[in-house]
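The values are calculated or read from the model by the stated rules, or taken from the named source; none is laboratory data. These numbers were taken from a predicted model, which means no experiment stands behind them. Cβ coordinates were reconstructed from backbone atoms using ideal geometry, including for glycine residues, and neighbour counts include every protein chain displayed. Side chains are part of the model used for accessible areas, which takes the heavy atoms of the whole protein and leaves out ligands, DNA and RNA. Shrake-Rupley method; radii C 1.70, N 1.55, O 1.52, S 1.80 Å.
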Amino acid sequence: MAEENYPDGLLYHPEHDWAKIDGDVATFGITWFAQDALGEVVFFEPPSVGSAVTKDASYAEIESVKAVSEVISPLSGEIIEVNDALEGAPETINDDPYDAGWMVKVRLSNPAETEQLLDKGAYEALLQG
C-alpha cells in the first residue's frame with residue numbers, strides 16, 4: 001500500500017477525489033485518504049467511454065473488502081478514456097492512487113468548476129478537521 005501523500009499540482013474534491021488538469025481534459029482518481037479508508041480494493045466498475053459525468057455526482061463504484069462505495073466526480077464532462085488495467089488489478093488503486101491507479105479521463109464541459117476544488121494545502125486542512 002502506498003505511503004500517505006497528496007501531490008502538488010492536483011485539485012482535490014472534499015469527497016476525497018482528485019483531478020489532474022491538462023488543457024480541457026482531466027484525469028480523475030481517489031486520494032490516498034480514500035483508498036486507505038476503503039481498505040483493500042477488490043473491484044472497480046468504470047463508467048462507459050462517452051458517458052457524461054456531473055460534478056459532485058457518482059460516476060463509478062469501487063468495491064473493497066469492507067464495502068461498496070460510490071466514486072464522486074470532481075468536475076463535469078464526458079468520459080473519453082477509462083483505465084482498463086484496473087479491471088485485472090484493482091489493487092493498483094491502493095498501491096499507486098495518483099499514477100497507475102487513475103480511474104478515468106474526462107473532457108471538461110465546464111472548466112470554471114475547477115475554481116471550486118481544493119489545492120493540496122486546503123485539502124490537507126480539511127483532513128485535519
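With respect to the conditions (1) surrounded by 14 or more Cβ atoms within 10 Å (Cβ to Cβ); (2) among the charged types (D, E, K, R); (3) touching a strand residue (DSSP E or B) at 6+ places or on another chain (Cβ under 6 Å); (4) farther than 22 Å from GLY129 by Cβ, ASP24 lacks only one, and its number is (1). Checked against the criterion of being assigned to a strand (DSSP E or B) and of a type in the set (A, V, I, L, M), the candidates ALA2, ALA60, ALA34 yield just one match: ALA60. Put simply, of GLU124, GLU78 the only residue that is in contact with a Gly (Cβ under 9 Å, 6 or more places away or on another chain), of a type outside the set (A, V, I, L, M, F, W, C) and either within 24 Å of GLY9 (Cα to Cα) or without any contact (Cβ under 8 Å) to a residue 12 or more places away in the chain (or both) is GLU78. Filtered by the rule that a residue be part of a strand (DSSP E or B), open to solvent by less than 20 Å² (accessible area, probe 1.4 Å) and farther than 16 Å from SER58 by Cβ, region 5-17 gives a lone residue, TYR12.
You will find that of VAL25, VAL42, VAL49, VAL53, the residue that is at pLDDT 95 or above and under 23 Å from PRO7 (Cα atoms) is VAL25 and no other. Take the conditions (1) in contact (Cβ under 8 Å) with a residue 60 or more places away in the chain; (2) open to solvent by 20 Å² or more (accessible area, probe 1.4 Å); VAL42 misses just one of them, which is (1). Every test in (1) farther than 21 Å from GLU3 by Cα; (2) without any contact (Cβ under 8 Å) to a residue 24 or more places away in the chain is passed by ALA100 save one, and that test is (1). Scan region 83-121 for residues that are basic (Lys, Arg) and closer than 16 Å to PRO14 by Cα and the total you get is 1.
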